[in-house]
Structure formats: C-alpha cells, structure tokens
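The numbers here are math on the coordinates, done by the rules we state, and not lab data. All values reported here derive from a predicted model rather than from experimental measurement. Using ideal geometry, Cβ is built from the backbone for each residue, glycine included, and neighbour counts are taken over all protein chains shown.
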Amino acid sequence: MKNHVPFLRLRRAWPLGVAASGLLVAFLAQGMAPDASAAGKQAATVPVLSPTIPLEITVTSPPSPPTLASLQHDFDVFSWQMFVALNWPANADGSPNTKLTIGQAPRDSVVWQHWRESRSIFLPEGATPPPWGQNTPLPAVCSGINPKTLPPNTLRLTQIGKTPNLLDESSEPFKTGPLIDQNGRYTRYEILTNETMFNYILGNTLYSKAGQKAFNADADFPSSNTTNGQVGSIMVKAAWVEMGGKYDPSKFFTAWALVYDNPAEQHGVKPFCKLEKVGLVGFHIAHKTADEPQWIWSTFENVANAPTQGEKLQRSAYNFFDPACKDCQVNEPPPRPWNPENAYTKPSQIERVIAITPEAKRLNDSFHQALAAVTPNSVWLNYELVSTQWPTNASSRIDPTGVPAPSFLANTTLESYIQGEVKQTSSSCMACHNNATTTAGKSADFTYLLQRAQ
C-alpha cells in the first residue's frame, strides 16, 4: 500500500488527545500547511472504478508528509471506493459480477443487498440465526404473500428509524423521530452486516442475551488487514422512500420491498404488509480496519435530499424539503403520536446544517465523471458523498474515539434532527457509537446492533 507506513508513523507521533484544530497548529509549527489545494488537485483525476473492497486507505502524494486536508481527501477516496464496490452488480451468491460495471444492469441486485439484515440475526427468544446464504421465513405479518411470487432479493422494511422500536423510545438522549417524505409517507430503514461481521456474531453466540452473558467479554470484531488480505467487519445502514407520487424512480437506485408494520416491534400499530418499489435516499458505511479500530464512517445521500442552510436553493423540488412551505418547522421531528399506518402525515422540512466541503464536491464530480463514462445515465450519478469520519489518533490514551475528523458528521436522512456542531448533542458517528454496549454491559465495539439480542 502506497506510503502507508510513513503515514502511520506521522499519525502516531501526533500529540495524544489533540483536537482537529490542535492538529492544524501542530502542522503549522512544523512548517506543514493544511494544503487543501493539493487535495483539490488530487480530486481532479478521474478515478478507476473497481469491485474490490479496499482494506485500508492509500495515502497519496504530494504533500509529504501528509496534511490533515490531504488525509481527509484520502479517506474520502476510500469512502467512494467502498461505495462503488458495495454497489457493484452482484452474482446470485452476492459476489461482484466482474462481467459488468457499476451502473450497468440496473435491475440486478448489488453486493451489499446479499448481506444479512439485522432482523435475520437477532431472532425472537434468542434463536440461532440460519447460516450465511440462508434467510429467515417471511414475517408473520406478511404471511398472506406467497414467497415464490416475490422478486429476487426483496427487501424487508419495517423500521421507521435507525432503531427498531422508535415508536416506544421517548427517552432517547438525543432528539429523534421518524422522517416523513414529500408524499407524506414514513421513510424506512435497514441495517445489514457483511459475512465477516455476521460470522463473529454467530461464532460467539452474540445473537442472544444468554450468549452475550456467557461470552462475558468486550466485543472485538475482526478488522480488514492488508497483510493477509482479510476483509474485515462492515455494516451498512440504508434509508428508503416509497416510489410514486412526487418521486421519479429514474432518479433513485430502486428495489422491491415488503414494507410492513409489526406490532411486536411497534406497539399500537396494526399488522400490515405490502409489496412496494422503494428508492434509496441515505447510505451509511462503517468499516473496521487494522489502523482504524474506531472504524471508518462514510455517509452518502441522494443529491436531491435537502438544501443547505444559508445557501441559495439549487432545485425546485427536494426529497425532504418543500420550497413553497413558509411555515414549516425546519429539522424538527413530527408531533406525536407517530403512526406509519396513517395514509398521510405532514412531510418533514429538512435542511443540511453542515455544508459539503468544496473538496468533497470536487471528488464527487470526479467519481460522477467516471460513472458517466461507463453508463451515461447511471443512476449512481444521483448520489454523493457527504463526508468521511476517521480517527486522527487511533491509539490515543485519552480519547477512545481516536480524535475524530471531522468532529461532526450527519446524514440528512439518518441524523435528520441532530445535525450541527454542538458537543454531546449533534451527530458524531464515533462519539455516539463509542457508547455502545452489549446486553451484558460490555463494550460492543462501536455498534449498537448487539443490543437487539433477545
């Protein structure tokens, strides 16, 4: 891997626990400016699209040694490489179809859609989940549907938030609530793990409360490793809206999904299940690597999700913002009671609080150029990287989050109501997930999934 060892030496030489602004001071004191222009020049190069999941970032030159800005660029490139590899057309077994390129065969499933959804891992009464490659039966609420009539790789969407039982969670430590789209329907969510992460959960019986109690140790998911070529633990969070109405399916990556309401997860709702075409609006990737034990956090969105606060509107219509609404409360959860069964709920009015940086926009443009060269009307031209959060001092003895850069990161569909730059309040992937524990009270290694065990 290019220039990786010098990069590690530099990172580990940084003062422990220093904040991002302190890093800039340290750079300047050593005569190293945070050269954003270099990152911009790097982003101008048209990237190569590959189905191979990257195991670690590649540190580019110039400058040498790297600066905070150049490293941010390198992590952002890593994020795009992940996005491309995971959204590559898949074979029936979930492996990338190397006869195709991302954007081709848009009706085919993509790699990450073959991963294990959390609901098929953490089963009622702590039952053992089926092995990789097998799925659980349809939920009881969808029992009236013949599985043989479903399109291949049909999704199962019941969550109306990142947590499975949002309707009951009124004591969350942060502002939360469902996200209502411009058709007045609830946005739906899912969380999936790759095979490496799933096998760790299965092999250590972490899928049940009893298993976690018997394990009686902190979780330590396998990391990607460039030495042996191992692909480490990766989890994906996806946000979807139902197609139709104000939404043009050609502007989204779409899939068929069983959209259902489950009384076992959302108390007070009636059992309901329907087959719907849905479009992807938000996409988180968390990847644990050998040099980033706090994981690398990448977040992408549909380009039409929301405008940025303080900037001139660039579109006449958005997925989660109505330019004509003058009395809409911005970035506020809908009033209770929340009920996804309602035929119509007043749409959410969402604005992006932290703007996408010019450097990230240039990188987005370069990857869009590469995507368009393969498929001029590629659906992936409608998606952009917001940013990547990474540990600037992964081995810090003071800050277990590794001194994240940037300090805050939010996706307008996944952290709609906690955007901003207020410590302990605004969204920070690493700061939040550092608090995750198992049901036995042990560290969960930056994932809340293990709390779903029954």
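Quick check for you: which residues of the stretch 143-157 have the amide N under 19 Å from the point 7 Å beyond the Cα of Ala127 toward its beta carbon?
It comes to 143-148, 156-157, nothing else.
Which entries in Lys277/Lys312; Lys251/Lys274; Lys246/Lys288 show an alpha-carbon gap greater than 30 Å? Mind dumping the intermediate values first?
Details: Lys277/Lys312 32 Å; Lys251/Lys274 23 Å; Lys246/Lys288 38 Å.
Result: Lys277/Lys312; Lys246/Lys288 exceed 30 Å.
Each label point is 7 Å from the Cα along the Cα-to-Cβ direction; what then is the distance between the points at Ala105 and Thr45, in nm?
3.0 nm
For the chain, calculate the relative contact order in percent as a whole number, restricting contacts to Cα pairs under 8 Å that are 6 or more residues apart.
19 percent
Could you give each residue of the stretch 183-200 its phi-based ³J(HN,Hα) in whole Hz, using Karplus coefficients 6.51, -1.76, 1.60 with θ = phi - 60°, and x for Gly or Pro?
8, x, 10, 6, 5, 10, 9, 8, 10, 10, 10, 7, 5, 4, 5, 4, 5, 5
Given H placed on each backbone N at 1.01 Å, which residues far from Gln349 in sequence or on other chains put an amide H within less than 5 Å of it?
Excluding prolines and chain starts, which carry no amide H, the hits are Asn331, Glu332.
Apply the Debye scattering formula to the stretch 74-154, with a single equal point scatterer on each alpha-carbon and no solvent, then give log10 I(q)/I(0) at q = 0.15, 0.18 Å⁻¹.
-0.70, -0.89
Enumerate the amide H contacts of Ile296 below 5 Å, restricted to partners 5 or more residues apart or on another chain; note that Pro and chain-start residues carry no placed amide H.
His287, Lys288, Thr289
Which number do you get for Rg(Cα) / (2.2 N^0.38 Å) in the stretch 89-452?
0.97
First measure r as the distance between the Cβ atoms of Asp220 and Thr425, then evaluate 1/(1 + (r/R0)^6) with R0 = 25 Å and state the FRET efficiency to the nearest 0.05.
Details: r = 29 Å, r/R0 = 1.18.
So, using R0 = 25 Å, E works out to roughly 0.25.
Would you compute, from DSSP H runs of 4+ residues alone, the mean residue ellipticity of the chain at 222 nm, taking -39500 (n - 2.57) per run and dividing by the full residue count, rounded to the nearest 500?
Using -39500 (n - 2.57) per qualifying helix, the result is -5500 deg cm²/dmol.
So for the pair Lys361, Ala210, with labels modelled 7 Å out along Cα→Cβ, what separation do we get in nm?
Label at Lys361, label at Ala210, 5.7 nm between them.
If a/c stays under 1.5 just call it rounded; otherwise compare a/b with b/c (prolate if a/b is bigger, oblate if not). Do that for the stretch 305-454, with a ≥ b ≥ c from the square roots of the Cα gyration tensor eigenvalues.
Oblate, because a/c is 1.5 or more while a/b does not exceed b/c.
Report the FRET efficiency, 1/(1 + (r/R0)^6), for Asn377 and Thr308, where r is their Cβ-Cβ distance and R0 is 35 Å, rounded to 0.05. Kindly include the intermediate steps, with their values, before the conclusion.
Values: r = 26 Å, r/R0 = 0.74.
Computed FRET efficiency for Asn377 and Thr308 comes out at 0.85.
In whole Hz and in residue order, list the ³J(HN,Hα) couplings for the stretch 281-291 that follow from phi through the Karplus curve 6.51 cos²θ - 1.76 cosθ + 1.60, θ = phi - 60°; x for Gly and Pro.
Here the 3J(HN,Hα) series is 10, x, 8, 9, 10, 10, 10, 8, 10, 4, 9 Hz.
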